[in-house]
1. Filter segment 1-49 for residues that are β-branched (V, I, T), touching a helix residue (DSSP H, G or I) at 6+ places or on another chain (Cβ under 7 Å) and modelled with pLDDT of 95 or more; which is nearest to L84 (Cα to Cα)?
2. Count, please, the residues in segment 91-114 that happen to be exposed (fewer than 11 other Cβ atoms within 10 Å of the Cβ) and either among the basic types (K, R) or within 15 Å of L52 (Cβ to Cβ) (or both).
3. Select from segment 103-117 the residues that are among the hydrophobic types (A, V, I, L, M, F, W, C), modelled with pLDDT under 95 and part of a helix (DSSP H, G or I) and list them in ascending order.
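The values are calculated or read from the model by the stated rules, or taken from the named source; none is laboratory data. This one's a predicted model, so the numbers in the text were calculated from it and none came from an experiment. With ideal geometry, Cβ positions are generated from the backbone for all residues, glycine too; neighbour counts draw on all protein chains shown.
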Amino acid sequence: MTTVSNLARPAAPASAFGFLRTVIRVDAIASGLSGLMLLVVGMGIVDDFTGLPSWFQTVGGAFLVVFGLGGVLLASRPRPPRGLVWAMVVVNAVWVVDTAVLLIAQVWPLTAAGVALMIVQAVAVGVFAELEYVGLRRTR
């Protein structure tokens, strides 16, 4: 008689989660620091430099701080739950798509620095999404 346990794939060893936890931690720290920068430094300074409205920076900064704190907590777990890591990958992917839509639709009159900043951060977030996806695949 064949049992289900014989057919199940063995769990990945805890060491396989090292890469994934590192990527999540770096993503979380970068996000949190970016959020703090927008909240503390950005008021009135960044909007003139980038063309992004202050309210957008405040909302984005607050989101990034919360996202960063969640990522730090997730990275502290020896085996981060796959569902939560997938949520990070999806949030990062949505961030990239939303950034592209905002740039293409020209929602705000961005400065050249604002366009460059949005492109650079979208690329960075896309890299984090890809690396987190790779980390998930390694932990199968």
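1. Step one: list which residues in segment 1-49 are β-branched (V, I, T), which gives 2-4, 22-24, 26, 29, 40-41, 45-46.
Subset that is touching a helix residue (DSSP H, G or I) at 6+ places or on another chain (Cβ under 7 Å): 23-24, 29, 46.
From what is left, the residues that are modelled with pLDDT of 95 or more are 23-24, 29.
Numbers: V23: 14, I24: 11, I29: 17 Å.
Restricting to residues being β-branched (V, I, T), touching a helix residue (DSSP H, G or I) at 6+ places or on another chain (Cβ under 7 Å) and modelled with pLDDT of 95 or more, the top hit is I24.
2. Qualifying residue count, segment 91-114: 5.
3. The answer is A113, L117.
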